[in-house]
Structure formats: structure tokens, C-alpha cells
Amino acid sequence: MKTKDLKMKQPASIHRLVYLSDGKPGLSKADLTAILEKARRNNPSKGLTGLLLYHEGRFFQVLEGDMAQVMACFSKIMMDPRHTSVAILTAGPAEARAFPGWSMGYAEVDELPTMARSAAFSIYDLIPPNSQRRGEDEDVRKQVRSFLASYEQFNSQMKTGS
């Protein structure tokens, strides 16, 4: 289920924050499921959308919405012991949402508990250069591509493109 399917408050202006972080050593599928379920439960009422990718111990996330809500959510992420080495890639105003809904990409979707699978997609869906899963903003699409290209298994499969 994506947030565009739910009632969501719309901010007057969109703020976007993109970050990378390392997952704590030993991060479990139960931890990932808890993160996913909390985001699905809390983000729509706060007007937050975006993308969360997790692969080989690293998170890549795009958060979009009202600046105060984005920063409040990010502050919680910074305090979350499941995230370490948090690094902001970009933060600032956006003309429009790159991700009108919220989704999570995970390489081994079938390994997630059944309840969490409906909200996740395979990270391999991001490989095609024209994949809509990469978002609707060109800069964000490039950041997603860069994240994927940092992994040899994806880099060898990716074609030139945005």
C-alpha cells in the first residue's frame, strides 16, 4: 500500500532530505519489518512520502513533506540505534514530490514477513534506467542510480542512463 492511497495532509511547500546510513551490525529482518511498519503507520498522517532502500547493511532514504515534519522524522532516525554513520546527501526545497507515495526497496522481499511484503518491492526493480521506482525527480533518480552502482552485483547489471 502506498501513501497516495491514504488520506494525507499536503504541505504548502515540499522539503526533501536524502541520506545514507549504515544499519547496526546484526540488523534483523524483524528490525527491517518494524521500520517499515512504523513508517507505514506514521508517515501518511504527517504528510511524509519517499523511498527507503536497504541492501547489504546500508540504508538510502528520501524523505519528502513539510520541512518541520521531515526534520522531526530525520531527528528520530538520527537517534535510532539501528542507524549509524548517517550522512545527508541533499536537503532543501523541492518543486514537487519525487515519490507521491511511500515505498521500500529490499533485495530479498520474499524473506520479509508476509505482512511486510505488500509494502516492499524488489530493489532489482530499480535497475532499468527508466524504472518509475526511482522517482519523478531527475536528481533523485541519479542518487538512486549512484546508490545501486556502489554495489558490484547491480553495477554489472545496470545500463547507461539516468
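The figures follow:
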| read-out | value |
| --- | --- |
| Residue count for segment 73-90, restricted to those that are over 11 Å from Ser21 (Cα atoms) and in contact with a helix residue (DSSP H, G or I) (Cβ under 8 Å, 6 or more places away or on another chain) | 2 |
| Selection count where residues are of a type in the set (Ser, Thr, Tyr) and modelled with pLDDT under 65, scope segment 117-146 | 1 |
| Residues of segment 61-73 satisfying the condition of being crowded, with 17+ Cβ neighbours inside 10 Å and either under 16 Å from Arg40 (Cβ atoms) or within 16 Å of the chain's Cα centre (by Cα) (or both) | Gln61, Val62, Leu63, Glu64, Gly65, Gln69, Val70, Cys73 |
| Enumeration of residues in segment 1-28 that are at pLDDT 65 or above and outside any loop (DSSP other than H, G, I, E, B) | Ile14, His15, Arg16, Leu17, Val18, Tyr19, Leu20, Ser21, Asp22, Gly23 |
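The values are calculated or read from the model by the stated rules, or taken from the named source; none is laboratory data. In this text, all values refer to a predicted model and were calculated from it rather than measured experimentally. Positions of Cβ are generated from backbone atoms using ideal geometry, with glycine treated the same way; all protein chains shown enter the neighbour counts.
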